[in-house]
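See structure below.
The values are calculated or read from the model by the stated rules, or taken from the named source; none is laboratory data. This structure is a prediction, so every number in the text was calculated from the model and none was measured. So basically every Cβ, Gly included, is an ideal-geometry build from the backbone, and we count neighbours across all protein chains shown.
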Amino acid sequence: VFRKAVLAAGYPETQDYNGASQLGVTQTQHCITKGFARRSSPLRAYLLPAMRRKNLHVLTAACATKILIEEKKACGIEFLVAGQVHRAMAESEVILSAGAYKT
C-alpha cells in the first residue's frame, strides 16, 4: 500500500538505495533473528552471542581519541572515560568499527 501511494504521488522507484540517488521508494534489506520472525539488531545478532568470549571486553561511555600505530600497523586504541585518558593494547589484531561522528 505504501509503495503504491509513493509511486502514485509521482516519486520514482529506486533500485539501489545506497546508489547515487536515494529519492523514491524501494524494498529494504533486514536481518531476521532465526526463530523469532522479527528484525534483528547488531546487538542481538552479533554482540550478545560473542559476549562470553574471553578476548572481548565491551566498554560503554568511552570516546575513542586515537588509533595507536606501530610500524604502520594498528596496535591499540587511546580513549577517554570520564575525562581520563586510557589505552588498550591489542594482543592480536585491532578491529575498527566506527559509527557516525561523536557516537
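A single entry from Arg87, Arg39, Arg53 fulfils the requirement of being of a type in the set (Lys, Arg) and surrounded by fewer than 10 Cβ atoms within 10 Å (Cβ to Cβ): Arg53. Flag not set for Lys4, criterion: part of a loop (DSSP other than H, G, I, E, B), surrounded by fewer than 10 Cβ atoms within 10 Å (Cβ to Cβ) and of a type in the set (Lys, Arg).
The number of residues in the range 25-36 being more than 24 Å from Val6 (Cβ to Cβ) and surrounded by fewer than 11 Cβ atoms within 10 Å (Cβ to Cβ) comes to 3. Scan the range 18-31 for residues that are touching a Ser or Thr at 6+ places or on another chain (Cβ under 9 Å) and at pLDDT below 80 and jot them down. Listed by number, the residues that qualify are His30, Cys31.
Residue count for the range 35-78 satisfying the condition of being over 14 Å from Ile95 (Cα atoms) and touching a Leu at 6+ places or on another chain (Cβ under 7 Å): 4.
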